[in-house]
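Inspection log for the structure reproduced underneath, given as structure tokens.
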Amino acid sequence: MAQLRTAAIRPDGRKPIDIAITGANGAVGKALIERLGGNPAIGPVRLRALVRELGRSEHLRDLPAERIQVDYDDPENLIRALEGADCVAHLAGSLVPRAGDSLLGANLLTTKNVAEASIRGGVKSFVFLSFPGADARSENEYLRTKGQAEDVIAENFASGAIFRVPMILGADTPAINQIKRLLRSSVVPLVAGGAVRIQPIYLGDVISAIEWAILHPEAPLNRMNLVGPETLYYRELLMRAGLRLGKRPRILPIPRGPARLASSVIGRLSPSSPMSRTVFDIIFYEHLCNDEEAGSGAPIARTGVDEILDLSLPNRE
């Protein structure tokens, strides 16, 4: 796992650093709690794990965090949950919102409400996970709402970080679980045969970047692309993962044009579908970043794909 190159700065004798984590139920939230709560170099820490439903956060029960149920549409509820925190790590957001929600609600309105509650609660530092290509003027609704959320944060906080992260790979991340599901079949249908270039980042590297931002509140808030050090086709990633699991599937190419048209129809008929036109254009088109720029924002060592797969997958399934 990549380690910070700079030392944690929590001195002796001061009150615990108080960190609130929204979207704590996810793989990133759980890993962040494990890192911050189990790193003696940080010193005393209070962790607040903000979740929508306590019943769906049992996997956090044994971790060193206080679970707090929140309603992101209730300003007073959010203020109570965030009041007195030193930093908020805002991980809540979605490419495929829950039933009844929207990309606007999941990514922009939730961020606005958390930011406003943070300001009223005295929070000074704000860390946010966005996506490469986020732009408030984008035609893609996901990129647009992420970009608008970035603007809200940049306008209201001087300290913290906005990390634009692509596919996150690590044990039990959605991307790794999807790869394992695909590899259960001998034939894997992929749009364009998986000929989409990606820059996957290791979960541990994302956590190191968030930890760095939290422990260095003196650093000015910046928007940083945080992508992995390798650019490869998705089909190559799948085949490399297959080698570790003893699988060698045959890839069945699906033409991009008809698949994109089908996603548009599905999205109109079922707005909450996980395969709308917006989702299709995020998953099956390239959103690449300059590698040198991506490696200069936060002082962490980024993990290569083979090492990521070794850390994330068993040798045989």
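The values are calculated or read from the model by the stated rules, or taken from the named source; none is laboratory data. Everything numeric in this text was worked out from a predicted model, so none of it was measured. Note that we place each Cβ from the backbone using ideal geometry, even for glycine, and neighbour counts take in every protein chain shown. Quick note on the areas: whole protein, heavy atoms, side chains included, nothing else; ligands and nucleic acids left out. Shrake-Rupley method; radii C 1.70, N 1.55, O 1.52, S 1.80 Å.
Please work out if Gly295 is under 21 Å from the mean Cα position of the chain (by Cα) and at pLDDT below 80.
It is true that Gly295 is under 21 Å from the mean Cα position of the chain (by Cα) and at pLDDT below 80.
When you look at Ala65, is it touching a residue at least 40 places away in the same chain (Cβ under 8 Å) and surrounded by 23 or more Cβ atoms within 10 Å (Cβ to Cβ), yes or no?
So Ala65 fits the description; yes.
Kindly provide the set of residues from region 201-236 that are of a type in the set (D, E, K, R) and under 23 Å from Ile308 (Cβ atoms), ordered by number.
Asp205, Glu211, Glu230, Arg235, Glu236
List pairs: first in region 126-143 and at positive phi, second in a helix (DSSP H, G or I), Cβ under 8 Å, 6+ apart or cross-chain?
Once the first residue is at positive phi and sits in region 126-143, its partners that are in a helix (DSSP H, G or I) give Gly133/Leu143.
Return the total of residues in region 68-84 being closer than 17 Å to Val152 by Cα and open to solvent by 40 Å² or more (accessible area, probe 1.4 Å).
Residues in region 68-84 being closer than 17 Å to Val152 by Cα and open to solvent by 40 Å² or more (accessible area, probe 1.4 Å): 2 in total.
With Arg248, Arg244 as the choices, which residue is part of a helix (DSSP H, G or I) and among the basic types (Lys, Arg)?
That would be Arg244, the only listed residue that is part of a helix (DSSP H, G or I) and among the basic types (Lys, Arg).
Restricting to region 132-173, give me the number of residues that are part of a helix (DSSP H, G or I), open to solvent by 40 Å² or more (accessible area, probe 1.4 Å) and among the charged types (D, E, K, R).
4
Do you know which residues across region 121-131 are open to solvent by 10 Å² or more (accessible area, probe 1.4 Å) and under 16 Å from Leu103 (Cα atoms)?
Once the filter is applied, which keeps residues that are open to solvent by 10 Å² or more (accessible area, probe 1.4 Å) and under 16 Å from Leu103 (Cα atoms), region 121-131 yields Leu129, Phe131.
When the residues of region 174-185 are filtered to those that are over 16 Å from Leu95 (Cβ atoms) and open to solvent by 50 Å² or more (accessible area, probe 1.4 Å), which remaining residue is farthest from the chain's Cα centre (by Cα)?
Once the filter is applied, the top-ranked residue is Ser185.
When residues of region 85-97 are filtered for being open to solvent by 30 Å² or more (accessible area, probe 1.4 Å) and either more than 18 Å from the chain's Cα centre (by Cα) or free of Cβ contacts under 8 Å to residues at least 12 places away in the same chain (or both), how many remain?
Summing the residues that are open to solvent by 30 Å² or more (accessible area, probe 1.4 Å) and either more than 18 Å from the chain's Cα centre (by Cα) or free of Cβ contacts under 8 Å to residues at least 12 places away in the same chain (or both) in region 85-97 gives 1.
Counting just the residues of region 218-241 that are assigned to a loop (DSSP other than H, G, I, E, B) and touching a Lys or Arg at 6+ places or on another chain (Cβ under 7 Å), which one comes out surrounded by the fewest Cβ atoms within 10 Å (Cβ to Cβ)?
Ranking the candidates gives Thr231 first.
Could you please let me know if Leu60 is among the aliphatic types (A, V, I, L, M), closer than 19 Å to Ala31 by Cα and out of contact with any helix residue (DSSP H, G or I) (no Cβ under 8 Å at 6 or more places or on another chain)?
No, not satisfied.
Would you check which residues across region 256-270 are touching a residue at least 24 places away in the same chain (Cβ under 8 Å) and not charged (D, E, K, R) and list them?
Ala259
Quick check: anything in region 75-84 touching a Ser or Thr at 6+ places or on another chain (Cβ under 7 Å), within 21 Å of Lys15 (Cβ to Cβ) and in contact (Cβ under 8 Å) with a residue 40 or more places away in the chain?
Taking every residue of region 75-84 in turn, at least one turns out to be touching a Ser or Thr at 6+ places or on another chain (Cβ under 7 Å), within 21 Å of Lys15 (Cβ to Cβ) and in contact (Cβ under 8 Å) with a residue 40 or more places away in the chain.
Note down all Cβ pairs under 8 Å where the first residue falls in region 197-217 and is more than 20 Å from Arg240 (Cβ to Cβ) and open to solvent by 20 Å² or more (accessible area, probe 1.4 Å), the second is basic (Lys, Arg) and not in a helix (DSSP H, G or I), and they're at least six residues apart or on different chains.
Pro217/Lys124
With a cut-off of at least 1 residues that are within 21 Å of Ala213 (Cα to Cα), name the strands (runs of 3 or more DSSP E) lying wholly within region 16-97.
Qualifying strands (runs of 3 or more DSSP E): 17-22, 45-51, 87-90.
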